[in-house]
Each structure stands twice: as structure tokens, then as C-alpha cells.
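The values are calculated or read from the model by the stated rules, or taken from the named source; none is laboratory data. Remember, predicted model here, so these are calculated numbers, not experimental data. All Cβ positions, glycine included, derive from the backbone under ideal geometry; neighbour counts span all protein chains shown. The protein model used for the area step is the full one, side chains on, heavy atoms only, and it has no ligands, DNA or RNA in it. Shrake-Rupley method; radii C 1.70, N 1.55, O 1.52, S 1.80 Å.
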Amino acid sequence: MVSIEQVTHITFENTQYQLLINGAWQESESGGDYPVTNPATGEVLMFVPDGTARDTRAAIDAAATALPGWSVVPAVERANILRRVAALMLERREHLATVMTLEQGKPLTEARGEIAYAASFLSWFAGEAERIYGQIVPASRPNQRIFVLRQPVGVVALITPWNFPAAMLTRKLGPALAAGCTVIAKPAEQTPLSALELGQLFIEAGIPPGVVNIITCQNPLPFSDTVFADDRVRKISFTGSTEVGRLLIRKSADSVKRISLELGGNAPFIVFKDADLPAAVTGAIMTKFRNSGQTCICANRIFVQRDVYDQFAALFTQEVSKLKVGNGLEPGNVIGPLIDRAAHEKVQRHIDNALEHGAEVLLGGHPLPHSDNPSGTFWQPTVLSHVSSGMLISQEETFGPVAPLIPFDTEAEVIQQANSTPYGLAAYFYTRDVSRVFRVAEQLEFGIVGVNDALPSTAQAPFGGVKQSGLGREGGSFGIDEYLNVKYLSMGI
Ligand code: NAD
């Protein structure tokens with residue numbers, strides 16, 4: 001077994017890779033654990049506790065006990081802790097990025113970028129903690145005064161996915177802690193180590209015991225059933241698939257919990273004939289192939305106006321052919337492995353279905369056995385041409401390094417096709433016509449629209465989807481509202 005210490009030559013004096021409950025690292029009460037594997041090599045990196053319902057209840061107890069104290073800590077002090085954690089993340093960036101690449105597979109350069117991005121949510125929400133303003137509202141009677149307060153929701157449960165193991169967690173922890181909530185977090189079973197590393201930084205930054213609790217587990221159900229059944233947990237914030245999001249909406253009905261959902265997408269990327277084509281090619285590659293295509297906002301359908309279709313396809317294919325595939329720890333590799341065999345098989349299914357229905361391969365189309373892991377999950381970056389809207393690849397998230405090119409003729413036709421999906425997270429388009437910018441942006445039914453911009457995510461902006469891509473917003477000045485209740489006082493004077 002390769003331990004992280006061996007690979008990174010870093011000694012771990014503090015991080016125990018155990019459950020974090022009430023400020024202390026501990027094993028699961030059952031004594032059970034499960035392996036975390038490196039998707040690039042298939043090797044077991046580490047065993048982490050397989051948390052149970054009883055562990056989850058202990059974490060809820062700790063969070064509920066810590067709540068009254070934490071919610072009255074002055075905002076400026078809560079903000080200082082968040083800023084200290086952000087600073088520690090940047091100080092230990094190389095180590096945290098290496099841990100992330102080992103458990104998730106993304107290239108080290110991307111992992112370093114994610115650590116900085118993840119830290120930015122803590123710094124941004126440190127600022128927001130200091131600006132949780134209320135209102136004084138003009139009343140309808142001369143002897144009445146109305147004051148609006150914004151107060152923390154209470155104990156919140158956070159459930160995060162494996163594709164951004166640090167950023168998806170800090171995008172929730174930042175606003176929750178800034179608002180004065182206490183939390184129980186459950187990272188994805190595939191990538192618990194990055195979350196536990198963050199837990200250690202919170203301890204070092206002086207977070208009081210019980211304010212941040214982390215439960216790792218192989219099966220999410222004992223965790224989620226426990227938090228949904230417990231009235232002390234007032235909110236669930238979830239990032240993951242639409243399928244699981246739907247289940248959680250149903251479960252939240254019984255105890256009427258607040259719920260925020262960041263779910264799947266099926267992003268259109270539209271290239272109009274008046275676009276700056278080299279910029280559109282660069283943008284399409286950035287958004288399609290980042291994290292091997294495993295992002296919720298990655299271009300899933302690339303629409304190109306017929307006048308420039310051949311030119312775009314040639315340039316795009318030429319640039320994609322330069323992307324180097326391999327273990328993310330090796331410099332120069334920009335496409336890592338897919339997270340697991342199920343992800344690998346989905347890519348195969350999408351390519352097979354597209355080819356059966358008339359698409360053509362311009363590049364790739366095959367898995368790539370890698371010397372590190374002959375049975376692994378590396379895919380050759382793939383470009384498919386003449387894809388149409390009836391194919392599986394146009395209808396579902398592929399979550400892999402496959403770019404389907406779809407020709408179109410008119411603006412009205414492409415808007416109709418782009419919107420013809422139950423998802424509404426991100427959309428992109430490239431054009432140099434300023435009137436078209438407004439016409440198209442206003443008609444796209446998506447929460448995030450990149451106009452000549454393929455990297456829209458940033459802590460200052462309200463990230464989130466419409467339709468079946470979710471409920472609520474993360475980031476920006478809207479992000480903290482998800483963790484605040486509104487109360488008003490009506491006073492007779
Ligand atoms: P997933 O839904 O399978 O899992 C996400 C999390 O939910 C994990 O922690 C998992 O353990 C937990 N989970 C799974 N089943 C559960 C259940 N029945 N009850 C409670 N928790 C459960 O998704 P994934 O495969 O980890 O992530 C990929 C998906 O996440 C994609 O659809 C992607 O688009 C989406 N995603 C969305 C955003 C966004 O901001 N909108 C960001 C990243 C990923």
C-alpha cells in the first residue's frame with residue numbers, strides 16, 4: 001500500500017484521518033473503516049472510519065451544544081477564524097493539492113487552483129459575516145415600529161461530491177459559519193481526505209469544539225437518514241446529482257427542513273459565426289476538459305454555427321490532440337483518470353450510442369490503458385462530430401473528456417435546442433455582436449451564463465441553477481441568505 005506520506009514526503013503530525021466530532025479526532029464507534037483509493041493507480045491510499053448513525057448523532061449532539069455559543073460570537077471574530085483557515089490553506093497549498101490529486105485524480109496544477117479557489121470562499125464569507133445587516137421598515141401605524149433581523153438557521157448538514165473535494169465544502173462552510181450556524185459535514189465517500197485536512201486547519205485556526213464536525217462513511221444513508229430524522233438539524237445543503245437531490249427533497253418534507261441543492265447540468269456551449277474563433281476554441285477546451293470533463297458546469301453540448309463549423313472543428317481537434325493524459329502528479333499531464341469504473345462505463349455508453357446514431361469520431365474515442373494502471377479509467381480526449389439532439393450524449397451529463405460538436409443554422413434554433421433540457425445550471429456563448437449578447441443571454445434558461453467567458457465560477461458571484469439543476473445560490477452576497485432566517489419585530493410605542 002502506498003501511503004500519502006511516502007508519495008508526498010510530508011509527515012502528518014496532526015491530521016488523523018478520523019471522524020471529527022466535538023473538536024476531537026476519533027474512530028467510528030463501530031470500529032469500521034473503508035479504503036480510499038487513488039483513481040490513477042487503483043492503489044489503496046488510506047483507510048478512513050466508516051461513520052455510522054450513532055457517530056452522526058454524536059456529531060449532531062456536538063453541533064447542537066456548540067450552537068448557542070457560536071451564534072453569539074461577534075461576527076468579526078467568526079470572520080477572523082475563517083480568514084485564518086484561508087491563510088493556512090494557502091500556506092499548505094502544495095500539500096493539500098497533492099492529497100487532492102491522490103484521492104481525486106485531477107492534475108496537480110488544477111488541484112493547486114482548487115485550493116486557492118476553495119480558500120477564496122472562506123475569505124469572501126469572512127467579509128460577509130461582518131455585513132449581516134437587518135432593516136428598519138416604515139410601519140403602517142404611527143405607533144408601530146418594524147425591525148427585521150437575520151439570524152443563523154441553526155445546525156446544518158452539508159453533503160458534498162467528489163469532483164471538487166475542497167471547494168464544494170468551503171462554498172458551504174464559509175457562509176454557514178459566517179452566519180453563525182454549526183455544521184456536520186459529510187464528504188463524498190471517494191474523496192474524504194481533503195475534507196479531513198480542512199478539519200485539521202479549522203482546529204488549528206481555533207474553531208470552538210462542536211462547531212465543525214466531519215463524518216466520513218462509505219454508505220451515505222445512515223448519515224442522511226439520521227440528519228433528516230433529527231429536528232435539531234434545521235437545514236441540509238447538498239451538492240451532487242439531480243437524482244439524489246430529488247430524493248433529498250422528498251426526505252426533507254417530513255421535518256420541513258430548509259434545503260439548498262446544487263445539482264447536475266447539461267451546459268450548452270454556443271459558437272456563433274461572428275465569434276473570435278481561437279478564443280472560442282480555448283474556452284471550449286477549458287470548460288470541456290477541466291477535471292477530465294467531470295464538472296457540473298462543463299460544456300456538454302458544443303453548438304457551432306454551420307458557416308464556421310468545419311473551421312472550428314479543425315482548430316478544436318488540433319488543440320485537443322495536444323492534451324496529455326496521465327497520472328495527475330506527473331508534470332505536463334492535463335487529463336487525469338475518471339473517478340471510477342462506473343464513470344468510465346458511462347463515457348463508453350455515450351460514445352457507442354452517438355456512433356450508432358450517425359456521429360463521427362474526429363479524435364480519440366477509446367479508453368487509454370495507462371502504464372500505472374492498465375485496467376484504469378483514463379480516456380483519450382475525444383471529439384465527435386455531427387452529433388444530434390436525440391443522442392444520449394446530448395441529453396445526459398457525460399462527465400468525461402468527450403466533446404460532441406453539433407451544427408446549427410440560426411440563433412432562434414440554437415436557443416431552442418440549448419434550452420431543451422431539464423437542466424439549467426451553466427450555458428456559454430461566444431459572439432462579437434453586442435446586440436446578440438443581450439438577446440441570447442436573456443433567453444437562455446440557465447442560472448449562469450458565460451459570455452465570451454469559459455470560467456465563470458468565482459466566490460463573488462451567485463453560483464446556482466434553475467429547473468432541475470437546483471435550488472438556492474452559493475457564493476456572492478446571496479450565498480449567506482441560505483444560512484439565515486429572517487425574523488421581524490413589530491413594536492408598539
Ligand atoms: P452523488 O449525488 O452521487 O453524490 C453526492 C453526495 O451525495 C456524496 O457525498 C454522496 O455520498 C451523497 N449521497 C449519495 N446518495 C445519497 C443519498 N441517497 N442520500 C444522501 N446522500 C447521498 O453525486 P456525485 O457523483 O458525487 O457528483 C457528481 C454530480 O454532482 C454531478 O451530477 C454533478 O453535476 C453534480 N455537481 C453539481 C455541482 C453544482 O454546483 N451544481 C457541483 C459539483 C457537482
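Numerical summary
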| quantity | calculated |
| --- | --- |
| Length-normalised contact order for the range 441-493 - Cα pairs under 8 Å, 6+ apart - percent | 24 percent |
| Charge dipole magnitude, Cβ of K and R +1, D and E -1 - the chain, Cα centre, debye nearest 20 | 1620 debye |
| Candidate lysines - alpha carbon under 30 Å from K288, same-chain residues fewer than 8 apart omitted | K106, K172, K186, K273, K322, K324, K346, K467 |
| Extreme residue, positive dipole direction of the chain, given options F164, I146, P381 (C-beta unit charges) | I146 |
| Carbon + sulfur, % of accessible area of the chain - ligands and nucleic acids excluded, 1.4 Å | 54 percent |
| Antiparallel bridge percentage (DSSP; both residues within the chain; nearest 5) | 45 percent |
| Packing-based order for 241-248, 110-117, using average beta carbon neighbours within 10 Å, highest first | 110-117, 241-248 |
| Residues with amide H under 5 Å from that of F408, placed H, sequence gap 5 or more | V304, Q305, R306 |
| Kirkwood-Stokes translational diffusion coefficient of the range 267-458, alpha-carbon pairs, 20 °C, 1.002 mPa s, µm²/s | 129 µm²/s |
| Beta bridges per DSSP with both ends in the range 267-458, % antiparallel, nearest 5 | 20 percent |
| Cα-based convex hull volume of the chain per residue, rounded to whole Å³ | 151 Å³ |
| Among 430-442, 352-364, the order from most to least packed when residues are scored by Cβ within 10 Å on average | 352-364, 430-442 |
| Ranking by accessible area, most exposed first, for I285, I480 with a 1.4 Å probe | I285, I480 |
| Protection-proxy order for peptides 42-49, 141-148, 97-104, each taking the mean of Cβ atoms within 10 Å per residue, highest first | 97-104, 42-49, 141-148 |
| Heavy-atom accessible area order for K322, K346, K186, largest first, 1.4 Å probe | K322, K346, K186 |
| Average accessible area per residue (Å²) across the chain - probe 1.4 Å, nucleic acids and ligands excluded | 38 Å² |
| Whole-angstrom gap from the range 277-340 to the range 468-483, using each part's C-alpha centre | 29 Å |
| Environment charge at G447 (Cβ cut-off 11 Å; Lys +1, Arg +1, Asp -1, Glu -1) | -1 |
| Structure-based [θ]222 nm, the chain - -39500 (n - 2.57) summed over DSSP H runs of at least 4, per residue, nearest 500 | -12500 deg cm²/dmol |
